[in-house]
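**Q** Below is the structure I would like to discuss, written out as structure tokens.
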Amino acid sequence: MGKFLFTGAQILALDPERPDYFTGDLLIEGDRITAIREEAGLIERQRADRVIEGRDLLLMPGMINTHGHAAMTLLRGYADDLPLKEWLEEKIWPVEENLDGDDIYWGTLLAICEMLKGGTTTFTDMYFFMDRAAEAAADGKIRAVLSRGLVGLGDSGGEALQEAASFQKEWHGAADGRISVTYGPHAPYTCPPDYLRRVMEEAAKTKSPLQIHLAETAHEVEECRRDYGCTPVEHLQQLGLFEHRVIAAHCVHLSDEDIAILGANRVGVAHNPGSNLKLGSGIAPVARLLEAGVPVGLGTDGAASNNNLDLLEEMRLAALLAKGSACDPTLVPAKRALQMATVNGAELLGLSDVGLLKEGFKADLIAFNLKAPQATPFFDPLAHVVYAAAAADIRFVIVDGEILVEDGCLTKLDEEKIIAESSRRAERLTGRSVLRT
Ligand code: NI
């Protein structure tokens, strides 16, 4: 690992102790940010092995994807524009039955290529064959929060739960601390109360957080009311789930009481606007959640329901949907949306030293090219990133002090090989021919 100095760059640190943005220098030594100055040229060039001129660069924290199923990249574009039940039961689940460990490895690597190039430096995953997903995350040099997806209805013997416990033991803190492990009970409707209690008991042994899909569709809420006489949020509260750190994905259909419960318990919500729109699930009440003190991060969900893993797009959607759905353009302003994609995501996942550009924090950051028509005129970095920038504008992506993307190209991964392998596997799984490999 080297010592890199960005000099004279636009810096969007998101650090509450600094101005929102400034022109200055940023030094990386090893895996950490070791110096930031709010003026250009104040850090001595000799301190770095490499000096990167920042005149046309905007630096900001790497983005944090708080919900997804990485290897579902293999099912991208396989089944679209279908009702959720038909999509899952007739298309997705039958193919998932045939996934093997190697599929997960290559599908996850494909996701990592896409996420890194789009400025995501930490991703969250809930899927299976997670040891292979963890290998992909380790090889891809990205930061990852991983969980073995647990469907209680099919796990009466508890084998999957045991696998999750072994996975936690083996991988939590691995890859120089870049990998952390959580427990992933899939949803209240696939995990009966007794099973959720067993998951909580297991997670409590290592104080691991839990990730779960929650209140994604109106149908889920109706079923929960029928089966348990309350909303899914109330149901989980009664079971004691919120005594643990919880990352709840979706939270689209919430009552006022639900929002109050989530706020009082500091339950983290992973907002997935693209997936919710595409599956016709609805629009999460993000502005009201934020107002109630709920930490809200952003997620892409799997590439079978999105269909890309582009957090810039999710950030823009989050801001626009909040405004449009309430006819109020002041809701979720650019800074808010940016915080959701970075520092709030870190908070949600319990990562204490990423999400901001700050001395002593991990060097997880990205740099946009500002020499572009869509960045001209350049008045406001916050508005630029949220409302105008595209993944293709990203020049550098750095995780743990290592440059993983430079001039828009992956430096450590063989993108061509990963694309060819993934296409081949997608063909085998779906029985369909891809149009190009
Ligand atoms: Ni999901």
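**Q** Segment 52-128: which GluC sites (Glu not before Pro) are DSSP loop and have at most 15 other beta-carbon atoms within 10 angstrom?
**A** Within segment 52-128, the qualifying GluC sites (Glu not before Pro) (loop, at most 15 other Cβ atoms within 10 Å) are Glu97.
**Q** What percentage of the solvent-accessible surface of segment 67-113, computed with a 1.4 Å probe over protein heavy atoms, is contributed by carbon and sulfur atoms?
**A** 47 percent
**Q** In whole angstrom, how far apart do the alpha carbon centroids of segment 312-367 and segment 258-276 sit?
**A** Segment 312-367 and segment 258-276 have Cα centres separated by 15 Å.
**Q** If each DSSP helix of 4+ residues adds -39,500 (n - 2.57) and the sum is divided by the residues in the chain, what number results at 222 nm, nearest 500 deg cm²/dmol? Before the final figure, lay out the partial values.
**A** Details: 14 runs with 145 residues, N = 437.
It comes out at -10000 deg cm²/dmol, rounded to the nearest 500.
**Q** Taking Cα pairs under 8 Å and at least six residues apart, what relative contact order does segment 229-380 come out at, in percent?
**A** 16 percent.
**Q** Sticking with this one: Would you mind counting up the charge near Asp301? Only other residues with Cβ under 10 Å from its Cβ, with Lys and Arg at +1 and Asp and Glu at -1.
**A** Summing Lys/Arg as +1 and Asp/Glu as -1 gives -1.
**Q** May I pose another question? Would you mind calculating the gained length between Asp194 and Glu90 on full extension (0.36 nm times residue separation, minus the Cα-Cα distance), in nm to one decimal? Mind dumping the intermediate values first?
**A** Details: separation 104, 0.36 × 104 = 37.44 nm, distance 2.84 nm.
Gain in length upon complete extension: 34.6 nm.
**Q** I would also like to ask the following. In whole Å, how far is the Cα centre of segment 122-179 from that of segment 1-67?
**A** 32 Å
**Q** Another one. Would you mind getting the accessible area per residue of the chain, heavy atoms of the protein chains only, 1.4 Å probe, in Å²?
**A** Working: 17200 Å² over 437 residues.
Accessible area per residue, the chain: 39 Å².
**Q** So what is the relative contact order of the chain, in percent, for Cα pairs below 8 Å that sit 6 or more residues apart?
**A** Relative CO of the chain lands at 20 percent.
**Q** May I ask for the angle, rounded to the nearest 10°, between helix 193-205 and the longest principal axis of the chain, with both axes built from Cα atoms and the value confined to 0 to 90°?
**A** That works out to roughly 40 degrees.
**Q** Choose one of Ala420, Leu404, Leu351: the residue whose Cα lies farthest towards the positive end of the charge dipole of segment 343-437 (beta-carbon charges +1 Lys, Arg; -1 Asp, Glu; about the Cα centre).
**A** Ala420
**Q** Can you run the Rg to Rh ratio on segment 65-349? Use alpha carbon positions and the Kirkwood inverse-distance Rh.
**A** On the way: Rg = 17.4 Å, Rh = 18.6 Å.
Using Cα coordinates only, the ratio equals 0.93.
**Q** I need the peptides 418-427, 302-311, 228-237 ranked by packing, meaning the mean over residues of other C-beta atoms within 10 angstrom, with the highest value on top. Mind showing how you got there, number by number?
**A** Numbers: 418-427: 18.5, 302-311: 24.5, 228-237: 20.4.
Going from most to least packed, we get 302-311, 228-237, 418-427.
**Q** How would you order 279-285, 330-336, 102-108 from highest to lowest mean count of nearby Cβ atoms within 10 Å?
**A** 102-108, 279-285, 330-336
**Q** Give me the number: length gained by fully extending Thr206 to Phe378, i.e. 0.36 nm times residue separation minus the C-alpha to C-alpha distance, one decimal in nm.
**A** My answer for the length gained is 57.2 nm.
The values are calculated or read from the model by the stated rules, or taken from the named source; none is laboratory data. Everything numeric here is computed off the predicted structure, so don't read it as measured data. Counting neighbours? That spans all protein chains shown, and the Cβs are built from the backbone with ideal geometry, glycine included. Quick note on the areas: whole protein, heavy atoms, side chains included, nothing else; ligands and nucleic acids left out. Shrake-Rupley method; radii C 1.70, N 1.55, O 1.52, S 1.80 Å.
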